[in-house]
Amino acid sequence: MKSIQPYFWMLFIFATCGCNLNNREQANVRYNIVCLVAEDISPFLGCYGDKVAYTPNLDKLASEGVMYTHMYSVAGVCAPSRNALITGMYPSSIGGNNMRTNNAHHVMNVPDSLQIPPYECTPPPEVKCYTEFLRTAGYYCINNEKEDYQFVAPKSAWDESSRYAHWRNRPDKEMPFFAIFNFMRSHESQINNWIGEPLVVHPDSVVVPPIYPDTEKIRLDIAQMHTNNTIMDREVGEIIDQLKKDGLLDKTIIIFYSDHGGPLPRGKREVLETGTRVPFIVRFPDQIRAGEVVDELCSFVDIPPTLLSLADVEIPGYMQGQAFLGNQKSAPRTYVYAARDRMDEWFDCRRSVRDQRYRYIRNYRPDIGAYLDIQYRKQLNTMKELLAAEENNLLNDDQKYWFRKTKAEEELYDVENDPYELNNLLGNPEHEKALNRLRKAHLEWVNSIDDKGVKYRTEKALLGSMWPNGIQPITSAPVFHQRDSYLEITSSTPGASIVYQINGEGYHHKHWFLYNDVITVQKGQQISAIAHRIGYKESSTAYWLVD
């Protein structure tokens, strides 16, 4: 079977990191890439200066690599963030901006006539999961295990995507690989799930942010958060140890980041510093650039083009992100952007622009408060404590700020001097120049990306723009064109990706080869193929018997 595959994976490609990679460039060696992705973490790590955190594996990774101090998610919650992380596009630009589109929600502040069924983000036809470009270039691509992309991932996205996915499953041990490992232990839900278990961090030692009252239960939640991070750190260390055991540590670029900030109230789900700033660490082979700290602004939309740049794969022109490493590196950003629309059962429309000092926020729904009464979050003791204190008028002004019943249309914060964004500088003449500059940047961004959340204003209208009459389109089934021993496979659906098997097999169980060029076939073989455009239903399986 291997003999009839395109020979892309046998071609050597230079992997440059925007730095000298010793003699490996001259040796034509491609590096493996492993992304270690935590849930719900702001930079609560020892290497970022958190004196309470106990994260020895990540601290070591940072000491051997490059630590980015200004990496920002495009949203304060996972599904829109992961939508950007798999496409290199702003979720607001392609219809992935509302939280978990494929779940059913009754939205509390929306009339019945505007309620909608589950749906999938449906971007323009040219938009692909960036891993397709890595697969085409010969990388064996695995995801272990969370996807949450706001659409059903086409089979073309991964060689494997499951809890069992691993680089050790690749068919040839010389084949370069790209791998994502997701770590659940630091997720918001795990704070409650592990109450009563031994803590690594004592509640008396934690720092209580000024946005919370200092209570025993809130201290306990913060201590549990740090403990969960320590256990996540240990799990990260186990993957790094596997790379060492396999002799791959200095043949692999290791990247660590979180899917957004959090996990405590007024962190997760917010477009503030607490909800969008995340740790980001890159360890290069042979510890090149060890100990460097980079303060440039970077965004989640930049991660896919950066990964392609590191693999020396051409970045497609449609991507809205820009590479910050590799031989396609761009000039540093001036701004990063974030958005909040529907969060579970509550609808909002909020946009943010951050430069090195300030954050500007434009509220398109100023009639509703900053706090959204989301049921899922109310399981946390910290949220219960905040609500009880707010009801009994026990919060100070800083703690009350989140619970304001309406929002100003515009907000401006000097994040450098006001890290919790509590003092809105709107109307302050000393900061008027910054306000005008960021206001302009916001409007230019909204227009340049054709922001669907601002444009359509209701989720029902957004759905109608992607699925005519609210009905999901179906990808056209593949069609075969054989000439002698060559087989071409097409689909009439623009942007459809195609996968295939030979005699019902791929590299292993459930594996499908990515079709990207005419394949060589042999008489008697049966080819099965499936086409799938993102946001559409997968096609039916088509079959061809080679004559």
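The values are calculated or read from the model by the stated rules, or taken from the named source; none is laboratory data. Just so you know, these numbers come straight off a predicted model, no measurement behind them. Please note: Cβ atoms are built from the backbone with ideal geometry, for glycine as well, and neighbour counts cover all protein chains shown.
Annotation: residue 135 fulfils all but one of (1) of a type in the set (Lys, Arg); (2) crowded, with 20+ Cβ neighbours inside 10 Å; (3) under 28 Å from residue 271 (Cβ atoms); the unmet one is (3). Under the condition of being touching a residue at least 24 places away in the same chain (Cβ under 8 Å), in a loop (DSSP other than H, G, I, E, B) and not polar (S, T, N, Q), the residues counted in segment 35-49 number 6. As for segment 138-161, it holds at least one residue that is in contact with a Lys or Arg (Cβ under 6 Å, 6 or more places away or on another chain) and among the charged types (D, E, K, R). In segment 345-363, the residue that is farthest from the chain's Cα centre (by Cα) out of those that are over 25 Å from residue 386 (Cβ atoms) and surrounded by fewer than 19 Cβ atoms within 10 Å (Cβ to Cβ) is 357. Answer yes or no as to whether residue 374 is at pLDDT 95 or above, part of a loop (DSSP other than H, G, I, E, B), among the aliphatic types (A, V, I, L, M) and under 23 Å from residue 439 (Cα atoms). No, not satisfied.
Here is the figure for segment 165-199: residues that are in a strand (DSSP E or B) and not hydrophobic (A, V, I, L, M, F, W, C) total 1.
Only residues that are in a helix (DSSP H, G or I) and of a type in the set (Phe, Trp, Tyr) were counted in segment 204-246, giving 0. Taking the criterion of being among the acidic types (Asp, Glu) and either touching a Lys or Arg at 6+ places or on another chain (Cβ under 7 Å) or more than 18 Å from residue 330 (Cα to Cα) (or both), the residues of segment 284-295 that qualify are 286, 292.
Quick check on segment 409-420. Is at least one of its residues touching a helix residue (DSSP H, G or I) at 6+ places or on another chain (Cβ under 8 Å), surrounded by 19 or more Cβ atoms within 10 Å (Cβ to Cβ) and either modelled with pLDDT under 95 or basic (Lys, Arg) (or both)? For segment 409-420, residues touching a helix residue (DSSP H, G or I) at 6+ places or on another chain (Cβ under 8 Å), surrounded by 19 or more Cβ atoms within 10 Å (Cβ to Cβ) and either modelled with pLDDT under 95 or basic (Lys, Arg) (or both): absent.
Got a number for residues in segment 51-83 being among the hydrophobic types (A, V, I, L, M, F, W, C) and in a strand (DSSP E or B)? Total satisfying the criteria: 3.
Could you go through segment 105-122 and let me know if any residue there is over 25 Å from residue 446 (Cα atoms) and under 17 Å from the mean Cα position of the chain (by Cα). No - not one qualifying residue is present in segment 105-122. Condition (residue is of a type outside the set (Val, Ile, Thr) and crowded, with 16+ Cβ neighbours inside 10 Å) applied to segment 191-198: is it met by at least one residue? No, segment 191-198 contains no residue that is of a type outside the set (Val, Ile, Thr) and crowded, with 16+ Cβ neighbours inside 10 Å. Evaluated against (1) surrounded by fewer than 21 Cβ atoms within 10 Å (Cβ to Cβ); (2) within 30 Å of residue 249 (Cβ to Cβ), residue 73 falls short on exactly one condition, (1).
Pairs linking a residue in segment 182-194 that is within 14 Å of residue 231 (Cβ to Cβ) to a residue that is among the small types (Gly, Ala, Ser), with Cβ atoms under 6 Å and 6 or more positions apart or on different chains, are 183/38; 186/38. Taking (1) surrounded by fewer than 16 Cβ atoms within 10 Å (Cβ to Cβ); (2) outside any loop (DSSP other than H, G, I, E, B) in turn, residue 442 satisfies each apart from (1). Looking across segment 247-293 at every residue that is among the aliphatic types (A, V, I, L, M) and in a loop (DSSP other than H, G, I, E, B), the one that is surrounded by the fewest Cβ atoms within 10 Å (Cβ to Cβ) is identified as 290. Scanning segment 378-405 for residues being in a loop (DSSP other than H, G, I, E, B) and over 13 Å from residue 217 (Cβ atoms) gives a total of 7. Within segment 311-368, being of a type in the set (S, T, N, Q) and in a loop (DSSP other than H, G, I, E, B) holds for 320, 322, 327, 328, 330, 334, 356.
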